[in-house]
Amino acid sequence: MSKITVTAAVALALAAATPAAFAQTSHETRAAATTAVMSPGVQSDEVRASKMIGSSVYDVQNRDIGHVKDLILGKDGKVDTVVLDVGSFLGMGGKYIAVPLTDIKTDHNRLTLDRTKEQLQQMAQYRLEDKNSGAGTSTSPPEGGRLGTGR
């Protein structure tokens, strides 16, 4: 074989291998990024929503000041607001109030808030459902898909 033919063959082999090497590197990069985001389980600094909803919330004096009624997600999919049921006795006479998620702390597997029951009862009532707009009444799509897209 001539030098030109060998050089051309090597150049073709390198050109053919480059997209495969790039694709492999790109796949490995995506896999590493996914692994960094998706841990194998609940971490020590995380709380499951299913465990948070219904949990009692305590003040700094260890008094039960209410319980988590719901979590409100923003458009970005992150929890914006924690809705608490305060002042109720046997499910009657209370009201819902909203506090930012950042105000809720965990203390020995309990939820705490640096406010008193009296302070929470003075806060404005939070409406989980708005009969005029339908806000808060949506359900999960029956066939999957993104919330709010109707698909």
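Points worth noting:
- For ASP80, the residues whose amide H sits under 5 Å from its own are ILE72, LEU73, GLY74, ignoring neighbours fewer than 5 places away on the same chain, with H placed 1.01 Å from N.
- At full extension, SER39 and VAL60 could sit 4.3 nm farther apart than now, given 0.36 nm per residue minus the alpha carbon distance.
- Only Lys, Arg, Asp and Glu carry charge here, each on its Cβ (+1 for the first two, -1 for the last two); on that basis segment 49-122 has a dipole of about 100 debye about its Cα centre.
- Amide H contacts for LYS69 (H built 1.01 Å from N in the peptide plane; partners 5 or more residues away or on another chain; cut-off under 5 Å): GLY54, VAL83, LEU84, ASP85.
- Under the simplified labelling scheme, the GLN119-LEU71 pair shows an inter-label distance of 2.4 nm, with each label point 7 Å from Cα along Cα→Cβ.
- The slack between ASP107 and VAL47, meaning 0.36 nm per residue of separation minus the straight C-alpha distance, is 20.4 nm.
Computed from the coordinates by the stated procedures, all read-outs in this text should not be read as laboratory data. What you are looking at is a predicted structure, and each value in this text was computed from that prediction instead of being measured. Note that we place each Cβ from the backbone using ideal geometry, even for glycine, and neighbour counts take in every protein chain shown.
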